[in-house]
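The values are calculated or read from the model by the stated rules, or taken from the named source; none is laboratory data. It should be emphasised that the depicted structure is a prediction, and the values quoted were computed from it without experimental measurement. Positions of Cβ are generated from backbone atoms using ideal geometry, with glycine treated the same way; all protein chains shown enter the neighbour counts. Heads up: the accessible areas ignore ligands, DNA and RNA and are worked out on the full protein's heavy atoms, side chains in. Shrake-Rupley method; radii C 1.70, N 1.55, O 1.52, S 1.80 Å.
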Amino acid sequence: MSVVHASITVTGKCCPLPLIELAKAAKNMRPGEILKITGDDPIFEISVRDYCASQNLEIISVTNENSSQVGILIRC
Amino acid sequence: MPENNVVTFETSNKATILLLSGELDKAIVALEVACGMAAMGTQVNLWFIFLGLNVLKKPTGFFSRKRWLLSKNFSPGRNPETDVGLQAVIKAFNHDGPDQLPLSQLNYFGLGPRLLNYLMKKKGSPSVLKLINDARELGVCFKICQPCVDVLALDVKNDLIVDAEVSGVSSYVLDTRTSYYNAVF
């Protein structure tokens, strides 16, 4: 299990807020640190994957925490 | 321009968005695109012109002195020698502030924007004011057109909710030339 250095929750927020919150959080992380983001927007996973692809960040895991909530671990 | 300074689609990391319309639906889209692009690492210049400037104005009450009297505080972009009283009329009847913007369609005397704002809040979508604050935090550069500031008698230092740079069409042309994304809303 990886050590999570920071985690943010964007549950109840819809596009583009998860992307904005993720960008703000990722700015404060050091390279190699792990960020966890949890959200329930229908296109939450796509937004996070697009952001990671554009910023060359690695997605470690994607887990369905319950029926609508998704947690994603990102290596910055 | 020397060949090594040419900015191409592949090398540019800038976007320029011009908001001409002072309508709620268009303002939301312009700000959402600006915030999304800034979050993805693009350097965004957001231009406001004519009625688009209403989005950035501080709200004033319909009967407040500030709404009906021309500001004597001549901030950058104003030319006091050519000011006329009629500017106060357009200032008084213009919309101001993110909460007073009309919809481009289905406005129904202000009922449409209220309904849309309610539905967006219910769905967790950001308001115009939240998007403006996020854009500022993400480093979006707000620029406003000098002739509009002068014609609409705007006090840039006190009438706006953000710090904006007053500039002209030459700066806009330079911004668009070096951007890979240009949009007018």
Rounded to the nearest 100 Å², what's the accessible area chains B and A bury against each other, both chains counted, probe 1.4 Å? 1100
Rounded accessible area per residue of chain A, 1.4 Å, Å²: 53
Straight-distance crosslink candidates among aspartates and glutamates, where the alpha carbon sits under 20 Å from B:Lys26 and sequence neighbours closer than 8 are dropped: B:Asp96, B:Asp99, B:Asp134
Where in chain B is the longest stretch that carries no trypsin sites (Lys or Arg not before Pro) classed as loop by DSSP and with at most 16 other Cβ atoms within 10 Å? B:1-71
On a 0 to 90 degree scale, rounded to 10, what angle separates helix A:17-27 from the longest Cα axis of chain A? 10
With each run of n ≥ 4 DSSP H residues scored as -39500 (n - 2.57), what mean residue ellipticity at 222 nm is computed for chain A after dividing by its residue count and rounding to the nearest 500 deg cm²/dmol? -9500 deg cm²/dmol
Which ³J(HN,Hα) values, rounded to whole Hz and listed in residue order, are derived for the range B:94-101 from phi using the Karplus coefficients 6.51, -1.76 and 1.60 in 6.51 cos²θ - 1.76 cosθ + 1.60 with θ = phi - 60°, glycine and proline given as x? 7, 7, 9, x, x, 7, 10, 6
Run through chain A and list the GluC sites (Glu not before Pro) located in a DSSP loop whose Cβ has at most 16 other Cβ atoms within 10 Å. A:Glu33, A:Glu65
Can you run phi through the Karplus equation (6.51, -1.76, 1.60; θ = phi - 60°) for the range A:48-64 and list ³J(HN,Hα) in whole Hz, with x for Gly and Pro? 5, 4, 4, 4, 5, 5, 6, 9, 6, 9, 9, 8, 7, 7, 10, 10, 7
Ignoring ligands, DNA and RNA, what percent of the 1.4 Å accessible area of the range B:54-185 is carbon and sulfur? 61
